[in-house]
Amino acid sequence: MSDVLRVDAREKVTGKARYGADRTPEGLLHAAFATATIARGRIVEVDTAESEALAGVVSVTTRFGEDELGPPSFVMGGGYGTQSLQPLRGDRIAHRGQPIALVLAENPVVANHAAELITATYEPEAHASHLDADQAETLLQREAIPIPFADDLTFGDAETDMAAAQTVVDATYEHPAQNATPLELLSAVVQWHEDRLLIHEGTQNAGALRNGLARQLNLDPQQIEVRSRYLGGAFGQRNAQHPYLAPLVLAARRAGRPVKLVLTRQQTFHQASFRPQTRHRITLGADATGRMTAAVHEIDQQTSRHDLFPGGYAKVTSRLYGIPSYRSRQRLVRNDIQTPGYVRAPFEQPGVWAFESAVDELAARVGADPVAFRLANDTSHDPVSGLPFSSRHLGECLRRGAQAFGWEQRPLAPGDWTDDEGNRIGWGVAVGAYPANVTPARARVRVEPDGTVLVETDGHEMGQGLTSAVTSLVTRELGIPAEQVRVRLGDTRVGAQPLTAGSWGTASTLPAVQAALEQLKAGESGAEAGNGLPTALADRAANGLVAAAGPVYGEFAAFSFIAHFVEVRLERVTGRIRVPRVLSVADCGRVANRVTAASQVRGGVVWGLGAALREHLVTDPRLGGFLNASLEEYPISVNADICAIDVDFVDRPDPLLNSSGVKGLGEVAMVGVAPAVTNAIWHATGQRLRKLPITIADLPAGGRRPPSGPSTGGSRPTG
Amino acid sequence: MYPFEYRRASTLEQALRMSADLAPAAFLAGGTTLYDLMKLGVERPVTVIDVNRIPELSHLRLSRSALVIGSGVRMSDLADAREVRESFPIIREALLAGATAQIRNMASIGGNLLQRTRCTYFRGTHPCNKRVPGSGCSAREGIDEGQAVLGGSEHCTAVYPGDLATALLALDAAVDVLGPDGARSLALADLHRAPGDRPEQDHTLRPGELITAVRVPATRMRQAYTKLRPRESYSFAWASAAVTLSLHPDTATIEQSRVVLGGLATRPWRVRAVEDWLHGRPLVEAVALEAGRLALRDAEAGRHKAFRIDLGTRAVADALLRAGEQHE
Ligand SMILES: Cc1cc2nc3c(=O)[nH]c(=O)nc-3n(C[C@H](O)[C@H](O)[C@H](O)COP(=O)(O)OP(=O)(O)OC[C@H]3O[C@@H](n4cnc5c(N)ncnc54)[C@H](O)[C@@H]3O)c2cc1C
């Protein structure tokens, strides 16, 4: 396939790309929030006097009427919102950082200062901020959310098979809460034109914003237009309507002027969803020949007091291998936090980290090479549904990766390998999988008088390269240059714009565009088509509700797969952990655009390295909230932490899933990176560390002395 | 952010006069600390006096006896200066280990030395004796993993985080200041103060005093700076160490050394006891590690910060060994 480079690269690097908050309509007012300084309780009084007296302040609102500001609805409870808690609608404080007053002012400096001057008195209550907190409440997920989606997965007879197993690993893994930290702060510009409402916001789900606002504010969805041309990173944090949006719209209507809100970084950490803290107990059994016979995955996951955010960890850990007996038990632990949510590879990152760590432990216990062990437990059938996979080239990912990485040079025993300078070396491997879901999408294609082909479609451009993938498809199908293709998406004027997430964007949008192109090629000058999903789903999507099909389809189950190979070096004197190289081989069906695909994988690997070695939200249990709520203190990786990342693809079209042969890639890219790192650290040190992140603080210094003996000479790595 | 008035001084005299007339005032260099803390509401000057256009502050001179660095020189310029690359590699190492390329392009040497001590509670809205004297210390019973293990008091354990000052102390630098009472010079060792019962005061400058230059005596000592941190850029130290030393030409034992801890104490922390102990010993790994342990002997493990004592030990050992590898 001919590759189109990123079609929006030029706009982005020249600063022409306009993001939500870049809009500055005439008469714009600026909004800012004052936020709660307790973690749970009741507001007694909010003192706004000083703030209101400030020159340039237009209004300060602490409470909207319950009739004008309706209740929000949680996206995972059949609604549209990131959570079901609506600030400024009552006196309850559910988490530290919850908005308690909304300021409108003539400029952003005054707005923020006015917000800082607002104080409140509270009746605080005891709160819980982590899994083991006294006030936390633990629920069995399948009872708390009695729908199939949230159910545990069970097949075979794990207890009996485990009892019969020759070798058993039973270990508990701790994964911290993490934040997506997209560079673009949460923000919106809202504007009324008579009774029509225009929202500019970087969102993955323009449809939910439109329908959620309509429901909360008692409007007709047709009155509301949402535009989301670009996102400065989303990763799940922009997958639904945020609680700030409805108050902003009301404030703009009262003021009769457009309003812009840009949350501060601190506020973005405290109001947006995040990856919840989890604990995983994994029990694995193998028979005498080194085949895994039984697996149990038990999960405790944080949720908020007001919402049940369902965990979906078992979906993937049950399918990594052909293990005949499996049982999961997912529990939700209620804390006083904003509702956590989806962050790139939401369940797969923590779940597969734990599972693939245990698999590695088991391989070591039976004395097997970790690649050979994984290959020996591969499967062509989905053990959950019993159906064949639409395509599964995980074995090839492993074989190809091992070959290119030079795996045969790896000593089997851990803690034994040092370089000339005495630094310890470890090599680790792990696999990942991610469900291939699809969401309804429609596309319209038209040839303009000047010969340009205009594509209007559902889907959001989050930097993942959807626009480029669509452009690639059109240039290939019609044999025209990329300059003649124009793509409009993320805009409710051209489609219903349901959620783009779960790596389903490309696989959902391309088939719709392809179908429309077929009609065009058949001689129409304009054409419109859907991607062929059932009407019931399409209706949900048209109304802004989450509507995903898969990963089990009538006759097959569809997943993307990946294998990661990681080298770590631990510096002898300092113990510093370096990752000089990573190699990832992905099976994502057909590669729709090599440039953006490789970039997706590299981004996933970078994030996986950070998840393993750095990222965690720090909470003071006395206070709630997050202490390290800034880019400076929340340690996402920087360039200096990242070395070589090589990416390869199996690149074989999936024959069953859709006409384009593509499966998702964005999320699977990250899955399995963290366990490959921790498995490599084990290989370097002989230590199994079961709590992320693993830092220099967890590892003793001191590899071997270099063979040359004590040092006053020779070269060693410098700091 | 509280409103403030911005003034620009073009001469030293003008800067001092403005500072006296328009108090409470703060000098503005790169602004990477000052504006940051003003946005957090921690610093609330009524006047900000920009000293970036004062020509005397931006010179860099190397003589036989000393390197004189104007306080307005940018971190990145100093790190790249030939004089520094050739004669004071530890300054370059420490500068490049600090902050980010973007911040280093803005930040000045004077502002760098006076960057405030760090503590997550100080920057938040929680009780903090440094931000609001007498309000209490949230770190004492809280998450103290980033707090000082040396030099703290019951009132405050915020860390002095600067990399440059740590290195400059190992070079025995001095600071020239100009104030309402005229010019004076003080040893860098006397610039920063431990919190004691006045944690709001990080340094010993008198009101209105301006740092004009830093003086670094010429040296032929071997030198190295090691910094251990959560990520390899854009991160303050969990622990760091600056070492300068000379070896006996015949026996290769340590003749003279200075060992300074960074990121571990409430101020740059020179450990003379270790320097004495090192005298006459061979620079081998066991000695380096023992020196590291000695340097941290009096450190407090607190609730969550014991790991930094271990990292401090490793940083000292690594800096000693790396310094030893250099050619004189
Ligand atoms: C994200 C981030 C990460 C950082 N990481 C590191 C790090 O890893 N290591 C490190 O060492 N530093 C780090 N820093 C601190 C950085 O080095 C300092 O902010 C910078 O050096 C300050 O210099 P400036 O010129 O910007 O000072 P300013 O912000 O202008 O001033 C700082 C203070 O000094 C006063 N001042 C400035 N010049 C003078 C003068 N000539 N005389 C008297 N008073 C003066 C000001 O009034 C103010 O109180 C980091 C900073 C940030 C924001």
field: Residue match in the range B:89-97 (condition: buried (at least 23 other Cβ atoms within 10 Å of the Cβ), out of contact with any Asp or Glu (no Cβ under 7 Å at 6 or more places or on another chain) and among the β-branched types (Val, Ile, Thr))
entry: yes
field: Qualifying positions in the range A:145-165 - buried (at least 17 other Cβ atoms within 10 Å of the Cβ) and aliphatic (A, V, I, L, M)
entry: A:ILE145, A:ALA150, A:LEU153, A:ALA158, A:MET162, A:ALA165
query: So which pairs qualify, if the first residue must be in the range A:683-696 and at positive phi, the second must be of a type outside the set (D, E, K, R), the Cβ gap must be under 8 Å, and the two must be at least 6 apart or on different chains?
result: A:GLY686/A:PRO414; A:GLY686/A:GLY415
message: So for the range B:241-250 (the condition being away from chain A (no Cβ under 14 Å) and at pLDDT 95 or above), does at least one residue qualify?
response: yes
task: Please tell me if A:ASP3 is modelled with pLDDT under 95 and in contact with a helix residue (DSSP H, G or I) (Cβ under 9 Å, 6 or more places away or on another chain).
output: yes
task: Could you tell me whether any residue of the range A:606-629 is of a type in the set (Val, Ile, Thr), surrounded by fewer than 23 Cβ atoms within 10 Å (Cβ to Cβ) and at pLDDT 95 or above?
output: yes
Residue pairs meeting the criteria (Cβ under 6 Å; at least 6 apart or on separate chains; first farther than 26 Å from A:GLN237 by Cβ, in the range A:321-342; second assigned to a strand (DSSP E or B) and of a type outside the set (A, V, I, L, M)): A:TYR326/A:PHE155; A:ARG327/A:THR154; A:SER328/A:HIS297; A:ARG329/A:GLU298
field: Residue check for B:ARG267: part of a loop (DSSP other than H, G, I, E, B) and among the basic types (Lys, Arg)
entry: yes
- request: Would you confirm whether any residue within the range A:561-570 is within 14 Å of chain B (Cβ to nearest Cβ), crowded, with 23+ Cβ neighbours inside 10 Å and farther than 25 Å from A:ASN205 by Cβ?
  value: yes
Every residue from the range A:102-115 that is within 32 Å of the chain's Cα centre (by Cα) and surrounded by fewer than 24 Cβ atoms within 10 Å (Cβ to Cβ): A:PRO108, A:ASN112
- line: Condition set assigned to a helix (DSSP H, G or I) and β-branched (Val, Ile, Thr), scope the range B:92-109, selection nearest to the ligand (Cβ to nearest atom): answer is B:ILE103
task: May I ask you to list the residues in the range A:64-97 that are over 28 Å from the mean Cα position of the chain (by Cα) and farther than 22 Å from A:HIS113 by Cβ?
output: A:PHE64, A:GLY65, A:GLU66, A:ASP67, A:GLU68, A:LEU69, A:GLY70, A:ARG89, A:GLY90, A:ASP91, A:ARG92
message: Just to be sure I understand the filter: pairs with C-beta atoms under 9 Å, separated by 6 or more residues or on different chains, first member in the range B:235-250 and touching a residue at least 40 places away in the same chain (Cβ under 8 Å), second member in a strand (DSSP E or B) and among the acidic types (Asp, Glu). Which pairs pass?
response: B:LEU245/B:GLU255; B:SER246/B:GLU255; B:LEU247/B:GLU255
field: Filter pass, B:SER233 being crowded, with 22+ Cβ neighbours inside 10 Å, modelled with pLDDT of 95 or more and either within 14 Å of the ligand (Cβ to nearest atom) or not in a strand (DSSP E or B) (or both)
entry: no
query: Is one or more of the residues making up the range B:298-308 closer than 16 Å to A:ALA701 by Cα, more than 8 Å from chain A (Cβ to nearest Cβ) and hydrophobic (A, V, I, L, M, F, W, C)?
result: yes
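The values are calculated or read from the model by the stated rules, or taken from the named source; none is laboratory data. None of the values given here were measured: they were computed from a predicted structure. Positions of Cβ are generated from backbone atoms using ideal geometry, with glycine treated the same way; all protein chains shown enter the neighbour counts.
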